[in-house]
1. Sequence gap at least 6, Cα distance under 8 Å: using those rules, report the relative contact order of the range 91-216 to the nearest whole percent.
2. How much length would be gained if the chain were fully extended between Asn244 and Lys211, taking 0.36 nm per residue of separation minus their Cα-Cα distance, in nm to one decimal?
3. Quick check: Cα centre of the range 124-143 to Cα centre of the range 309-331, how many Å?
4. At q = 0.12, 0.22 Å⁻¹, what log₁₀ I(q)/I(0) does a Debye calculation on the Cα points of the range 126-226 give, no solvent, two decimals?
5. For the chain, what are the DSSP H helices with axial Cα length of 27 Å or more and mean Kyte-Doolittle hydropathy of at least 0.5?
6. Hey, any idea what Rg/Rh is for the range 49-147, computing Rh the Kirkwood way over Cα pairs?
7. Which order do His66, His181 take when ranked by solvent-accessible area (1.4 Å probe, heavy atoms of all protein chains), largest first?
8. Beyond 24 Å between alpha-carbons counts as too far, so tell me which of Lys155/Lys266; Lys211/Lys323; Lys150/Lys295; Lys218/Lys294; Lys75/Lys266 fall in that bin.
Amino acid sequence: MSELKKKTTISFLSCFSVLFFISFHSFSQKTPDRFSVMFYNVENLFDPQDDDLSADDEFTPDGERHWTYKRLNSKLINLSKVILSASGWEPPGVVALCEVENQSVLQKLTGKTPLQSFPYQIIHKESPDHRGIDVALLYNSNQFYPLEYKYYPLKLKNDSVVATREILYVSGVAIGADTLHFFINHWPSRYSGLLESRSIRGAAARLLRQKVDELFEKFAAPKIIILGDFNDQPGDESIVKYLNAKEVKEQIIPEVLYNLSFNWGKGETGTHKYQSQWSVFDQIIVSGELLVDKKGLFTTIGNAQILDKPFLLEKDERYGGIKPNRTYLGYRYHGGFSDHLPVLLELDVSN
């Protein structure tokens, strides 16, 4: 078989597979009236084995946190509880995660907890992050059919790769109704200081904006969902200036990015708390097409929320109010869920 004929055959079979998937789901069952998407920074989801290629020593049995398989299994059960309770009777069709060490812990999460009752599949690769933590995506194969995925490393002007998390891009067909384009982010932290680290988050924002613009050039009004822990707030320079994600106003333009989390920080909570200060680092940003097009999948600003379920929070004895129920308090094991709260976006379906 010639190379051209072989490529044509592969292309035909790929198209046929997608069409078969859409047709099967369209005719064999009633399309659900909602599709849910969740993002969660799961706070250092490490396995207890020492990885010589990353700085994970503290998350080993002999490390400073005395991390064990018993503690890992307890955390996995906790995380499965969050996912299963996130969106009512049906858990999210897509679950984006960050601070995941490797595929092994994801396989345990999907295969050794109550999540095993659902056909969650995994998209993950090792990132160049010096601590070995990555971004990943779980998808319910009964609800989402991935078409393509790529990881985009953050590079400096000299083309060297920054030792941080890559941006994950995934496109696919959701519940046989529409094509969605996801970008999953975990931008560089503020650990070295806000001003010292601001430029590197600006670089991440420009990289993301570049990839979004490529979609706008390739597709007519694509439906884009950007999720992540940006380590910046909705009004910060990286989000507003470089990514150019706007507040939702009355007039919506399909090929503009809108930050559905823009007003989350106006209250007494957020998605992350440091001492007495709440921040909105975990955000949901969408292209305007998802807000104006009532065909296929669409959403509203009211469909985006912080999941502040009571079991994810506890009384803040030191600074007052409430705080996330964490896995660790400093180096002391606490047995909670995460130092971040998850966020959820629900999309409606027009039948």
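The values are calculated or read from the model by the stated rules, or taken from the named source; none is laboratory data. This one's a predicted model, so the numbers in the text were calculated from it and none came from an experiment. Neighbour counts are summed over all protein chains in view; Cβ atoms, including those assigned to glycine, are modelled from backbone coordinates with ideal geometry. When the accessible area is computed, the model is the full protein with side chains, heavy atoms only, and any ligands, DNA or RNA have been set aside. Shrake-Rupley method; radii C 1.70, N 1.55, O 1.52, S 1.80 Å.
1. 20 percent
2. Details: separation 33, 0.36 × 33 = 11.88 nm, distance 1.30 nm.
Difference between extended and current length: 10.6 nm.
3. Rounded to whole Å, the Cα centres lie 26 Å apart.
4. -0.45, -1.18
5. The qualifying helices are 3-28.
6. Rg divided by Rh gives 0.99.
7. Order by accessible area, largest first: His66, His181.
8. Lys155/Lys266; Lys211/Lys323; Lys150/Lys295; Lys75/Lys266
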